[in-house]
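Notes follow once the structure below has been shown.
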């Protein structure tokens, strides 16, 4: 029979041959983890059919790495049962950075137990046990897990709407799982995995349910990849924005404002610099800024669809007998009101570009929040473009240009794009979604964007492009978005007059450039490890006197450098102490002045990270630092 390999190449394979046989035929058996048959991920044991479209999946691909990690979670579960035969297993998925498994045990596991668990896992890997899939009638599966005293598995099966469930065996160990899995435990290198953390977790994520133990781990193709990852993790800990944010007096968080942030002096400077810079860019691109109310009535959110699709994430306020109001979780309905205000728009008025640094509130769960990366109150650099269908491509290209310019200014030059299509919970007809997705895809192609499909992750009112930047550690952060929306303009009955004098409904493009400013600052803190570029540093220069005698000259230098964010230090302390103090605070430059500098009308400049002091004529100081600021 014949199969289509990766959609293009045709290949003859034996009748009733498996994907495993195909991997052998192609010399990829040691690399292939699973197979994609007609778009569906399956085990290598899958029997192929004539004209199947087949792609072998290796661990170098995201799907392959996820499958290997999920299989390692099963190996860990078997190891846990080996150590504690009475443990009750819950779930063990792969996650972005590795895998975890939740379980109930009378024994409290800690990081001190990791060596023992890893040793048992290595023993299992060396046995070359096969991952064997079987399908059971749900009643037979329930009976099996009742007999083996695994109540969480029984509960999961009872919640599955299917008469048949799949079970994966690993020697005498059996687990409920959809799969797929790697062919055997020998596919994992014994020195390429590591257990990383232990935590508590609620069964099925509900605080009313049992508290389980959760052990995290990670696995890679090789030991070198694992060590690179562990090194990156240690570096990420050193760059943790929560610690640096406090150490550098950027922000403060406490239980008086859970999910909110107190911007301190330095953080407020950074926050405002970002707003000022982004404002300068969007003004050049034809936007005007507005401010919309924090509290808006239920009727507005009903029209927009938020009341139906997003209400659980909103803060709703009921005062006396008045109509309920909600603190805005998004800025888009307010911008529609701004568009409708005033004279009727004509086709020559379009596109109308509205922007706002809008404070939004979302009722995030306490477990989902993380420093300033995810908050309940945050400022979104939102913009909305009201345009004709013919203008979507040009506006998309324009947004892409802004994003590239802004990210580059902040030091991010690697940008990837995801195309997120319709989610299960959405407003609007399938026909309007078809048009919106086709329009956005056409615009993305016209903008020469290379993107991957992010299935089902669009907003409830429209598909979107997600712009993902990569930091210095190779971590990816989704920041900017662009969404095409045919639904909200219709729901709010907004219009413009076309060239023939007819009323038409405009298209609404939702766009964010950096997204949440709070989250973006968190990313910047970690990317730069607190050593912000000169233009963004809250304190750019510290002028430090060596002796009391040089203090008057230090004040003169300080005044000359008044166009920069400068601090003056004439305290009676050693200059080595002053330099160290400011470099601990990540100040980019320390200007050192003593008796000799005063006599020569010079300054000594020590830059952060350097051990050398450069002497510069005072009359060149402003131009010297201006050149650094412009870099």
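The values are calculated or read from the model by the stated rules, or taken from the named source; none is laboratory data. Quick caveat: nothing in here was measured; it's all calculated off a predicted structure. Ideal geometry is used to build each Cβ from the backbone, glycine not excepted, and the neighbour counts take in all protein chains shown.
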Residue ID - surrounded by the fewest Cβ atoms within 10 Å (Cβ to Cβ), chosen from residues in the stretch 539-575 that are without any contact (Cβ under 8 Å) to a residue 12 or more places away in the chain and under 25 Å from residue 250 (Cα atoms): 562
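Please specify each residue of the stretch 159-188 satisfying the condition of being without any contact (Cβ under 8 Å) to a residue 12 or more places away in the chain and part of a loop (DSSP other than H, G, I, E, B).
From the stretch 159-188, those without any contact (Cβ under 8 Å) to a residue 12 or more places away in the chain are 159, 161, 172; that's our starting set.
Result: 161, 172.
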Where residue 189 falls short, out of the listed (1) within 12 Å of residue 98 (Cα to Cα); (2) surrounded by 14 or more Cβ atoms within 10 Å (Cβ to Cβ): (1)
Odd one out for residue 468, checked against (1) free of Cβ contacts under 8 Å to residues at least 60 places away in the same chain; (2) closer than 22 Å to residue 239 by Cβ; (3) outside any strand (DSSP E or B): (3)
Those strands (runs of 3 or more DSSP E) lying entirely in the stretch 374-463 with at least 2 residues out of contact with any strand residue (DSSP E or B) (no Cβ under 7 Å at 6 or more places or on another chain), under 30 Å from residue 262 (Cβ atoms) and at pLDDT 90 or above: none
Filter pass, residue 86 being surrounded by fewer than 20 Cβ atoms within 10 Å (Cβ to Cβ), within 30 Å of residue 146 (Cβ to Cβ) and out of contact with any helix residue (DSSP H, G or I) (no Cβ under 9 Å at 6 or more places or on another chain): yes
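Just to check your reading of the model, which residue among 59, 90 is within 19 Å of residue 211 (Cβ to Cβ), in contact with a strand residue (DSSP E or B) (Cβ under 6 Å, 6 or more places away or on another chain) and in contact (Cβ under 8 Å) with a residue 24 or more places away in the chain? Spell out the reasoning first.
Details: 59 fails: within 19 Å of residue 211 (Cβ to Cβ).
The conditions single out 90.
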For residue 92: the one exception among (1) under 29 Å from the mean Cα position of the chain (by Cα); (2) assigned to a loop (DSSP other than H, G, I, E, B); (3) under 27 Å from residue 16 (Cβ atoms): (3)
Criterion violated by residue 610 - all others in (1) closer than 25 Å to residue 271 by Cα; (2) within 35 Å of the chain's Cα centre (by Cα) satisfied: (1)
Inter-residue pairs, beta-carbon under 9 Å, first over 15 Å from residue 507 (Cα atoms) and in the same structural domain as residue 482 (by TED's automatic domain parsing) and in the stretch 427-451, second surrounded by fewer than 13 Cβ atoms within 10 Å (Cβ to Cβ) and modelled with pLDDT under 85, 6+ apart: none
Failed item in (1) in contact with a strand residue (DSSP E or B) (Cβ under 6 Å, 6 or more places away or on another chain); (2) touching a residue at least 60 places away in the same chain (Cβ under 8 Å); (3) closer than 27 Å to residue 339 by Cα, with residue 476 passing the rest: (3)
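Quick one: in the stretch 325-352, which of the residues that are part of a loop (DSSP other than H, G, I, E, B) and under 31 Å from the mean Cα position of the chain (by Cα) is farthest from residue 301 (Cα to Cα)?
Taking the stretch 325-352 and keeping what is part of a loop (DSSP other than H, G, I, E, B), we get 328-331, 341-345, 350-351.
Add one more test, that the residue is under 31 Å from the mean Cα position of the chain (by Cα), and what stays is 328-331, 351.
Numbers: 328: 9, 329: 10, 330: 10, 331: 11, 351: 25 Å.
Once the filter is applied, the top-ranked residue is 351.
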Filter result for residue 513 (in contact with a helix residue (DSSP H, G or I) (Cβ under 7 Å, 6 or more places away or on another chain), at pLDDT 95 or above, assigned by TED's automatic domain parsing to the domain that holds residue 356 and over 18 Å from residue 333 (Cβ atoms)): yes
Counted residues, the stretch 153-178 - those being closer than 22 Å to residue 33 by Cα, under 31 Å from the mean Cα position of the chain (by Cα) and surrounded by fewer than 20 Cβ atoms within 10 Å (Cβ to Cβ): 1
Residue in the stretch 347-368 that is surrounded by fewer than 15 Cβ atoms within 10 Å (Cβ to Cβ), touching a strand residue (DSSP E or B) at 6+ places or on another chain (Cβ under 8 Å), free of Cβ contacts under 8 Å to residues at least 12 places away in the same chain and assigned by TED's automatic domain parsing to the domain that holds residue 397 present: yes
Residue match in the stretch 28-50 (condition: touching a residue at least 40 places away in the same chain (Cβ under 8 Å), part of a helix (DSSP H, G or I) and surrounded by 17 or more Cβ atoms within 10 Å (Cβ to Cβ)): no
Failed condition for residue 335, given (1) in contact (Cβ under 8 Å) with a residue 60 or more places away in the chain; (2) crowded, with 18+ Cβ neighbours inside 10 Å; (3) touching a strand residue (DSSP E or B) at 6+ places or on another chain (Cβ under 8 Å): (1)
Residues within the stretch 514-537 that are in a loop (DSSP other than H, G, I, E, B) and either surrounded by fewer than 23 Cβ atoms within 10 Å (Cβ to Cβ) or on the phi > 0 side of the Ramachandran plot (or both), tallied: 7
When residues of the stretch 222-261 are limited to those that are out of contact with any helix residue (DSSP H, G or I) (no Cβ under 9 Å at 6 or more places or on another chain) and closer than 23 Å to residue 366 by Cα, the one surrounded by the most Cβ atoms within 10 Å (Cβ to Cβ): 260
Test: residue in the stretch 128-138 that is under 28 Å from residue 163 (Cα atoms), part of a helix (DSSP H, G or I) and free of Cβ contacts under 8 Å to residues at least 40 places away in the same chain: yes
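With respect to residue 60, determine if the residue is under 26 Å from the mean Cα position of the chain (by Cα) and either assigned to a loop (DSSP other than H, G, I, E, B) or surrounded by fewer than 14 Cβ atoms within 10 Å (Cβ to Cβ) (or both).
Values: under 26 Å from the mean Cα position of the chain (by Cα): yes; either assigned to a loop (DSSP other than H, G, I, E, B) or surrounded by fewer than 14 Cβ atoms within 10 Å (Cβ to Cβ) (or both): yes.
Spelling it out, residue 60 is indeed under 26 Å from the mean Cα position of the chain (by Cα) and either assigned to a loop (DSSP other than H, G, I, E, B) or surrounded by fewer than 14 Cβ atoms within 10 Å (Cβ to Cβ) (or both).
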Top-ranked residue of the stretch 492-507 - restricted to ones that are touching a residue at least 24 places away in the same chain (Cβ under 8 Å) and not in a strand (DSSP E or B), ranked as farthest from the chain's Cα centre (by Cα): 499
